[in-house]
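Just so you know, all these numbers are worked out from the coordinates, no wet-lab data involved. Bear in mind that the values here come from a model prediction, so they are computed numbers and not experimental data. Cβ sites come from the backbone with ideal geometry, for glycine too, and all protein chains shown count toward neighbours.
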Amino acid sequence: MSVFARKTPIHVEFRSMKEGDGSSRANLEYVRDMIEQLKVVSGAEKGAILLYFLDMAKLETEAWIASLDQAADGPST
């Protein structure tokens, strides 16, 4: 069955990403996990450009998470 022929709606939970509301890291973790799920659902074969772009998006998300963690730890001395 094609993903585009899906008869039942997909439930997606949207969360606020307002700066300073404390949920930015959780939101980014959610995005990272969903990107991994998109790779599975896409059915793209190894080496497909779609998987490359999804991997790049996942790396970008992980970089943002690392940036938030570093900021939370405070300035290094």
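Per-residue Karplus couplings for the stretch 65-74, computed as 6.51 cos²θ - 1.76 cosθ + 1.60 with θ equal to phi - 60°, are listed in order as 4, 4, 5, 5, 5, 5, 5, 5, 6, x Hz, Gly and Pro entered as x. Taking 7 Å steps out from each Cα toward its Cβ at GLU45 and ARG25 produces label points 4.2 nm apart.
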